[in-house]
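Worksheet: the structure to be examined is printed underneath.
The values are calculated or read from the model by the stated rules, or taken from the named source; none is laboratory data. Predicted, not measured: the structure shown is a model, and the values here were computed from it. Cβ coordinates were reconstructed from backbone atoms using ideal geometry, including for glycine residues, and neighbour counts include every protein chain displayed.
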Amino acid sequence: TPAADYSFLFPLLAESTRAAIKASLLSSLQTEQSKANVKKLCDTISELASSVVATRGWPELLPFLFQCVNSKNPNLEESALLIFSRLAQNVGETTETLIPHLNTLHSVFFNCLSNPSSCDVRIAALSASVSFIQCISNPKDRDAFQDLLPLMMQTLTEALNSGLEATAQEALELLIELAGTEPRFLRRQIMEVVGSMLQIAEAESLEEGTRHLAIEFIITLAEARERAPGMMRKLPQFIRRLFWVLMNLLVDIEDEPDWYNAESEDEDAGETSNYGVGQECLDRLSISLGGNTVVPVASELFPVFLAASEWQKRHAALIALAQIAEGCSKVMIRNLEQVVSMVLNSFHDAHPRVRWAAINAIGQLSTDLGPELQTQYHQRVLPALAGAMDDFQNPRVQVSPIS
């Protein structure tokens, strides 16, 4: 059953009891050694503070937290930052209580993000910084935190350089949250931030999960077009690099024997997590940026992949074409001859999986580029599909025109 909300009980307690509870919580935070228990204490203090700080019901708390972050004790610094982060997330009266302390908090976050000895403190400072940037409603107050951004990015790069990928992934998730909610905060330093994320996405030595999160950050920025219109469209050189990364994720596919059995449900056999991320992100990128931005890049890269000797690259080009069709339909309809010819040429590819991808692409294009495609090209498309049904050596390809 869900945990009951007992917050209404605290004000009913005697003043001496309330004071004893608050003092005990702060005392325990200073002495507790277990990480798990410290986290629970931070959560409890944050929850309680959210209900009483606004009414000045815990005057000792903020001085205590500022004392902790200046204590040179990494455990206390981290705990105080976690509590600051939680308090900022409870938007409302609590946040207004913290606004007068913004200058002090800025200094705290700046110093803790620069902490040379503790990665945990830097990550906690990153979390607190992101939480405060999100909760500050006054743009001028928010802009005062701009100089934290290089340090926030440095927290990420230092974790990667130290081989701490789990920590780096935690930092990436926090930065993705910021990109989704406050993309304008990144505008002034967008070149540096996106450039760093692309370097991570391109680094094949890193874990897949780390690279995928860096890609997610850029896609999230691209999708934030209502909050920050046109920001990513102004970076065509980065769009090309990202598209190349996503295309290469699609190349990560194995030639699984199960795929060839048309009676099985293994149409996805051989597809990897890289492949799945590549598919999803090409779709999202094309929808968010549109054909005028994406099609010129695709038109440059598709012929390179289609001319490759590796079947995986030829397959990737056709899958990518199908993925971007929805978001790029208006521009692609103006170039139907080129698009249709590109796909129909692959109906004769030497590899069955490439031929299947071509048939799949025609099916997707018929949906996204219809009815123009059917009206103008049925005399070429229908015979090609009929010919594929004669591929008796490859049942999966043979049945795909009617599936």
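A few notes on this one:
- Residue list for segment 83-123, restricted to those being hydroxyl-bearing (S, T, Y) and modelled with pLDDT of 85 or more: S85, T104, S107, S114, S118
- Qualifying positions in segment 25-55 - among the small types (G, A, S) and either within 16 Å of C68 (Cβ to Cβ) or in contact with a helix residue (DSSP H, G or I) (Cβ under 7 Å, 6 or more places away or on another chain) (or both): S27, S28, S46, A49, S50, S51, A54
- Residues in segment 211-233 that are of a type outside the set (A, V, I, L, M, F, W, C), touching a residue at least 40 places away in the same chain (Cβ under 8 Å) and farther than 13 Å from G278 by Cα: T220, E223, R225, R227, R233.
- Segment 44-71: number of residues that are in contact with a Lys or Arg (Cβ under 9 Å, 6 or more places away or on another chain), of a type outside the set (D, E), assigned to a loop (DSSP other than H, G, I, E, B) and within 20 Å of E32 (Cβ to Cβ): 1
- As for segment 63-74, it holds no residue that is surrounded by 15 or more Cβ atoms within 10 Å (Cβ to Cβ), over 24 Å from S118 (Cβ atoms) and touching a residue at least 40 places away in the same chain (Cβ under 8 Å).
- Test result for T97, more than 23 Å from T31 (Cα to Cα), of a type in the set (S, T, Y) and touching a residue at least 40 places away in the same chain (Cβ under 8 Å): yes
- Residues that are over 20 Å from R18 (Cβ atoms) and of a type in the set (A, V, I, L, M) within segment 31-59 comprise A36, V38, listed in sequence order.
- Within the option set A262, A308, being at pLDDT below 95, surrounded by fewer than 18 Cβ atoms within 10 Å (Cβ to Cβ) and in contact with a Lys or Arg (Cβ under 7 Å, 6 or more places away or on another chain) holds for one residue only, A262.
- Sole residue being surrounded by 14 or more Cβ atoms within 10 Å (Cβ to Cβ), at pLDDT 95 or above and within 21 Å of S46 (Cβ to Cβ), chosen from L151, L126: L126
- Of everything in segment 186-203 that is in contact with a helix residue (DSSP H, G or I) (Cβ under 6 Å, 6 or more places away or on another chain) and closer than 15 Å to E223 by Cα, the residue that is surrounded by the fewest Cβ atoms within 10 Å (Cβ to Cβ) is L186.
- Unmet requirement for P116, which otherwise passes all of (1) under 18 Å from L48 (Cβ atoms); (2) in a loop (DSSP other than H, G, I, E, B): (1)
- If you go through segment 361-391 and keep only what is under 30 Å from the mean Cα position of the chain (by Cα) and modelled with pLDDT under 90, you end up with just G363.
- So L365, is it over 22 Å from V304 (Cα atoms), crowded, with 19+ Cβ neighbours inside 10 Å and not acidic (D, E): no
- Meets criteria (hydrophobic (A, V, I, L, M, F, W, C), loosely packed, with under 15 Cβ neighbours inside 10 Å and under 35 Å from the mean Cα position of the chain (by Cα)) for A49: no
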